[in-house]
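The structure appears right after this line, and notes come after that.
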Amino acid sequence: MPIVMQTEIVKNERVAPEHYLMQFVSPEMTEEAKPGQFVHIRIGSGWDPLLRRPISLHRWDRKTGVVTLLYRVVGRGTRLLAAMKPGEQLDVMGPLGRGFDLTVAGSHPVVVGGGIGVAPLLALVEELSAQGAQVTILIGARTRELALGVETFQATGSEVEVVTEDGSLGHAGLVTERLRQLVAEKTVSSIYTCGPVPMLKEVQRLSMTHRIPLQVAVEEHMGCGVGACLTCVCKVKRANTPEDHAPDRGWDYALVCTEGPVFRGEEVSFDD
Ligand SMILES: Cc1cc2nc3c(=O)[nH]c(=O)nc-3n(C[C@H](O)[C@H](O)[C@H](O)COP(=O)(O)OP(=O)(O)OC[C@H]3O[C@@H](n4cnc5c(N)ncnc54)[C@H](O)[C@@H]3O)c2cc1C
Ligand code: FES
């Protein structure tokens, strides 16, 4: 059950040029949370901004009840969020959405994050490791300052590879080029991903070519966050019959807030 509550901010720190780590206390939320779910945050107490902002659960601690978010400042809402101070009250609704399916992971999952797309992947990696999987994480970024959470991912004990477009850290190039090498070189039991759409499209292509189960977290602009306003549709393929697999059949629209934000890789269409 999603909860709407006033929580206390305990931390809100800049960790990269445009990125902040925020922590708030909510034992109720840590009880319910699953990797891939998100919270919907009301920023300020007036009419502007009117709509809540969706931010993924980055990680949480059931012992202390502390929830951590990682977010990038892009517009008015996140700019106001970045200005909030420890001790202030935050109005959050959550946990919302359907998270990652961990049952398809297998023994060697590869987790691919691009830019701020790493945000929902830390809790996922922690949980996959806890269930005994040998996880490889590929972190893609334009440059080293934007490679987020490298040390935190390393602390999970998983294999971490960084790929920067300008070669300033780790491999040089696109994170999907490294993924292409990995799936050709070794057995990959599943792929989990979140990031910019061009990256997701290429990850989807690779997973389908190599027939590797894919779980993909997508973003859509949101209104209510709970399935009422129909703002957050994304195109999905619902293959109920063999005919539905034909390229022009079986397309439908899903609500990212309640049916996602995580979908099976082959389900999602990234074309308009
Ligand atoms: C399920 C989900 C999880 C997300 N998790 C994270 C996260 O962990 N960290 C993070 O930095 N960002 C995340 N985002 C994106 C984040 O919601 C937007 O960057 C943020 O809402 C922008 O708000 P703004 O007021 O700063 O920008 P503005 O551009 O001024 O926003 C205007 C409106 O557009 C919506 N909007 C703008 N960009 C997006 C976007 N990319 N996705 C969805 N709605 C958008 C806002 O909610 C608002 O209603 C997530 C989005 C979704 C859908
Ligand atoms: S945001 Fe309102 S239906 Fe998804």
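Summary table
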{"item": "Looking only at region 60-92, and only at residues there that are over 17 Å from residue 115 (Cα atoms) and of a type in the set (Lys, Arg), the one that is nearest to ligand 2 (Cβ to nearest atom)", "result": "76"}
{"item": "Answer residue from region 244-269, given it is open to solvent by 40 Å² or more (accessible area, probe 1.4 Å), modelled with pLDDT of 80 or more and farther than 14 Å from residue 221 by Cα and is nearest to ligand 2 (Cβ to nearest atom) among those", "result": "259"}
{"item": "Pick from region 40-62, criterion modelled with pLDDT of 95 or more and of a type in the set (A, V, I, L, M, F, W, C), ranking: farthest from ligand 1 (Cβ to nearest atom)", "result": "60"}
{"item": "Test for residue 37: is it more than 9 Å from ligand 1 (Cβ to nearest atom) and under 20 Å from residue 7 (Cα atoms)", "result": "no"}
{"item": "Residue in region 153-160 that is under 23 Å from residue 124 (Cα atoms), open to solvent by 80 Å² or more (accessible area, probe 1.4 Å) and out of contact with any Ser or Thr (no Cβ under 8 Å at 6 or more places or on another chain) present", "result": "yes"}
{"item": "Members of region 109-120 found to be assigned to a helix (DSSP H, G or I) and open to solvent by less than 40 Å² (accessible area, probe 1.4 Å), listed by number", "result": "115, 117, 118"}
{"item": "Residues of region 50-59 satisfying the condition of being within 16 Å of ligand 2 (Cβ to nearest atom), surrounded by 17 or more Cβ atoms within 10 Å (Cβ to Cβ) and either acidic (Asp, Glu) or not in a strand (DSSP E or B) (or both)", "result": "51, 52"}
{"item": "Pair list, Cβ under 9 Å, 6 or more apart: region 206-223 residue away from ligand 2 (no atom under 16 Å from the Cβ) and open to solvent by less than 80 Å² (accessible area, probe 1.4 Å), other residue at pLDDT 95 or above and of a type in the set (D, E, K, R)", "result": "206/180; 213/101; 213/264; 214/264; 215/101; 215/264; 216/264"}
{"item": "Within region 63-105, considering residues that are of a type in the set (Lys, Arg) and touching an Asp or Glu at 6+ places or on another chain (Cβ under 7 Å), the one farthest from ligand 1 (Cβ to nearest atom)", "result": "98"}
{"item": "Residues within region 165-183 that are open to solvent by less than 30 Å² (accessible area, probe 1.4 Å) and in contact (Cβ under 8 Å) with a residue 24 or more places away in the chain, tallied", "result": "5"}
{"item": "Flag if residue 65 is over 20 Å from residue 15 (Cβ atoms), open to solvent by less than 30 Å² (accessible area, probe 1.4 Å) and modelled with pLDDT under 95", "result": "no"}
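Listed here are the residues, each with its yes/no results for (1) in contact (Cβ under 8 Å) with a residue 12 or more places away in the chain; (2) surrounded by 16 or more Cβ atoms within 10 Å (Cβ to Cβ); (3) not in a loop (DSSP other than H, G, I, E, B).
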position	(1), (2), (3)
4	yes, no, yes
9	yes, yes, yes
13	no, no, yes
24	yes, yes, yes
31	yes, no, yes
39	yes, yes, yes
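The values are calculated or read from the model by the stated rules, or taken from the named source; none is laboratory data. Since the structure is predicted, the reported quantities are computational estimates derived from the model, not experimental observations. Neighbour counts are summed over all protein chains in view; Cβ atoms, including those assigned to glycine, are modelled from backbone coordinates with ideal geometry. Protein only, heavy atoms only, side chains kept; ligands, DNA and RNA dropped before computing areas. Shrake-Rupley method; radii C 1.70, N 1.55, O 1.52, S 1.80 Å.
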